[in-house]
Amino acid sequence: MDTFSKGVCLIHGGFTLKEMRDGRRVPVEDKDGTPFEIEYFGSGFQVDARGLILTNRHVAEPWWNDDAVAPLLARGLTPEFTTLTATFPGHGPAEVDPSTIRTSRDGVDLAVFVVRVDSVPVLPLRQDHVRELAGQGIMLLGYPTGLGAILARAEPDVVEDALSAAKDTEGLIRELSARDAIRPLPTHGTLNEVTDSKLVYDAVTTSGGSGGPVFGPDGSVIGVNFAMLRGFQGSNFGIPIRLARPLLDKAEEMIMNQPTQNGDPKRSAQEHR
């Protein structure tokens, strides 16, 4: 836990929706005239030393399978990131270039992107099937509730100083990171069932923990946390790590062609579709 937690990042994103108005695309506005924006948190983890981060598709592409946003996209509105960062323990927020995002195209809730941060461990991925692990202990690492759990776990003086110094969410993440307060939360449980497409376990998680690694008893990653059964913490779900193999293979060429410096995340989300 001490070693691999340093390879699990807090993902903070925000996006707006744009519409055609007077021949140009402009942000949709709220009733008070301010640009519409949805802000969210998720988790991810490094699977390649060249900066490849594995997470859920609904974290890297937050409008995907979102029932609230789908009608707006059907009207022709275009999603565009306003911010997208990954923050590892011991490091400040690193901007993610949305053009590096690659998603599974077979309905699997997985995605990867590239963000290069020095001295971040690569988490080991289990190679074989995990069906024989049913009934054994597992551990999740992630950021359930986003900043909520981080603030609750931090010392009161750290929270007070960070809140007073920050002007927005991105600033708060930066201030908490500078005070070594960004660390994933571990939860433990039992792997109750293994199917071809799901791991079912009772380790506690919630929104924000999506995209975090699921560790098997030998310390290797056996899955990616992706969903919870609302109202009942006895059944939460992960995607078997073997289902990430096609996506990781597809990302190989993209990693080789990535420049050292990341680009500007404020570009159209359509670029990586």
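Here, each number is a calculation from the coordinates, and none is a lab measurement. Since this is a predicted model, take the numbers as computed values, not measurements. Quick reminder, even Gly has a Cβ in these numbers, built from the backbone with ideal geometry, and neighbours come from all protein chains shown.
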Cα-centre dipole for the range 4-259 with unit charges at Cβ (Lys and Arg positive, Asp and Glu negative), debye to 20: 460 debye
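For Asp180 and Asp202, calculate 0.36 nm times their separation in residues minus their Cα-Cα distance, and state this gained length in nm to one decimal.
Roughly 5.0 nm would be gained on extension.
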About the Cα centre of the range 1-73, what is the dipole size in debye to 20, counting +1 per Lys and Arg Cβ and -1 per Asp and Glu Cβ, all else neutral? 300 debye
Taking a virtual spin label 7 Å from the Cα of Arg242 along the C-beta vector, which residues in the range 117-160 bring their backbone nitrogen under 14 Å of it? 126-134
At 0.36 nm per residue, minus the direct Cα-Cα distance, what do Glu193 and Ile38 gain on full extension? Give it in nm, one decimal, please. 52.4 nm
Only Cα pairs within less than 10 Å get springs; with that Gaussian network setup on the chain, which residue of Glu19, Glu132, Glu95 has the largest fluctuation? Glu132
With charges only on Cβ, +1 for K and R and -1 for D and E, what is the dipole size of the range 1-156 about its Cα centre, in debye, rounded to 20? 300 debye
Can you tell me the length gained on complete extension of the stretch Thr82 to Met20, counting 0.36 nm per residue apart and subtracting the Cα distance? 20.5 nm
Running a GNM on the chain with Cα contacts under 10 Å, which residue among Thr87, Thr187, Thr205 ends up with the highest mean-square fluctuation? Thr187
Net charge near Pro246, counting Lys/Arg +1 and Asp/Glu -1 over other residues with Cβ under 10 Å of its Cβ? +2
When the charge dipole of the range 133-255 is computed with +1 at the Cβ of Lys and Arg and -1 at the Cβ of Asp and Glu, the Cα pointing farthest to the positive end, of Ala203, Leu176, Leu243, is that of Leu243
With the charge dipole of the chain built from beta-carbon charges (+1 for Lys and Arg, -1 for Asp and Glu) about the Cα centre, the Cα from Val114, Leu185, Tyr40 projecting farthest to the positive end belongs to Val114
On C-alpha positions alone, give me the angle between the axis of helix 169-178 and the longest principal axis of the chain, in degrees, nearest 10. 50 degrees
Computed over the chain, the Cα gyration tensor eigenvalues, each multiplied by 5 and square-rooted, give semi-axes in Å (largest first) of 29, 23, 19
